[in-house]
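Would you mind keeping the following structure in view while I ask a few things?
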Amino acid sequence: MGVDEKLVKALKGTTTVGIRSDKAVVLAADKRATAGKFIVHKRIKKIVKISDYMAMTTAGLVADAQVLADVLRTKVAEYEMSFKKRMSVRAAATYLSNVLHSSRLFPYIVQLLLGGYDTAPRLYSLDWFGTVAEETFLVTGSGSPIAVGVIEAEYRPDMDVEELVELAVRAVFAATRRDTASGEGIDVAVISREGIEMRHFSIEEVVKRLRS
């Protein structure tokens, strides 16, 4: 197996989504951690808080993602203490991109979604080469082909917060129905002008929610 194949394989085994409207950013992720066909953990947290107005989803090697989250969290806190204001989400994404790009010969094996609210909702995707992309919705992981189909069919830029949450949950839930590497439950982060609200749904709760 070549290096590129190993990198691609390492990024499989999860489903994370990010959706942005003019009101908020919603991040959602399943809770299953796998190693090949083995389910390693059923309650993993794939959404990490970076600051009071910024959070990140993780896909790839857990240790790499944790290191990068700590690095970014420290940089954002340092910026806020030095300049007495928030770091923009774009600046945070650019900083993390520089870290990833500088390590491209010995890369962090991750694919990250960074969502936040500065003057407006923001959503960025970053890969292990340091590529930064801003989008209205993004998906990562082995369940992404299923999740993105749900989002593309129903996304509207004028969706309110609860509609965004509903769409994100249904997208991840759809992936858990068909992708064996995704499952166990869904974590959601709602990022708006008021800050970050974390929500947690079991698969049973999602089924009841969709049937009601």
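The values are calculated or read from the model by the stated rules, or taken from the named source; none is laboratory data. In this text the structure is predicted, and so the values were computed from the model without any measurement. Reconstructed Cβ throughout: ideal geometry from the backbone, glycine too, with neighbour counts over all protein chains shown.
Every residue in region 63-112 that is buried (at least 18 other Cβ atoms within 10 Å of the Cβ), among the aromatic types (Phe, Trp, Tyr) and modelled with pLDDT of 95 or more, please.
The one that is buried (at least 18 other Cβ atoms within 10 Å of the Cβ), among the aromatic types (Phe, Trp, Tyr) and modelled with pLDDT of 95 or more: TYR79.
Then there's this: Tell me which of these ARG43 doesn't satisfy, since it passes every other one: (1) in contact with a Ser or Thr (Cβ under 9 Å, 6 or more places away or on another chain); (2) at pLDDT below 85.
Result: ARG43 passes all but (1).
This table checks each residue for (1) of a type in the set (A, V, I, L, M, F, W, C); (2) in contact with a strand residue (DSSP E or B) (Cβ under 8 Å, 6 or more places away or on another chain).
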{"site": "TYR95", "(1), (2)": "no, no"}
{"site": "VAL110", "(1), (2)": "yes, yes"}
{"site": "PRO121", "(1), (2)": "no, yes"}
{"site": "TYR124", "(1), (2)": "no, yes"}
{"site": "ASP127", "(1), (2)": "no, yes"}
{"site": "GLY130", "(1), (2)": "no, no"}
{"site": "PHE137", "(1), (2)": "yes, yes"}
{"site": "ALA153", "(1), (2)": "yes, no"}
{"site": "ARG156", "(1), (2)": "no, no"}
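While we're looking at this one, here's another question. Would you mind stating whether THR131 is over 15 Å from the mean Cα position of the chain (by Cα) and closer than 20 Å to ALA65 by Cα?
yes
With ALA29, ALA55 as the choices, which residue is under 12 Å from ALA189 (Cα atoms), touching an Asp or Glu at 6+ places or on another chain (Cβ under 6 Å) and either acidic (Asp, Glu) or modelled with pLDDT of 90 or more (or both)?
Working: ALA55 fails: touching an Asp or Glu at 6+ places or on another chain (Cβ under 6 Å).
ALA29 is the lone residue from the list that is under 12 Å from ALA189 (Cα atoms), touching an Asp or Glu at 6+ places or on another chain (Cβ under 6 Å) and either acidic (Asp, Glu) or modelled with pLDDT of 90 or more (or both).
Now, a different point. Give region 118-143 a look and list any residue that's under 23 Å from HIS101 (Cβ atoms) and either basic (Lys, Arg) or not in a loop (DSSP other than H, G, I, E, B) (or both), or say none.
ARG122, LEU123, TYR124, SER125, LEU126, ASP127, VAL132, ALA133, GLU134, LEU138, VAL139, THR140
All but one of (1) within 18 Å of the chain's Cα centre (by Cα); (2) not in a loop (DSSP other than H, G, I, E, B) hold for GLU80; which doesn't?
Result: GLU80 passes all but (1).
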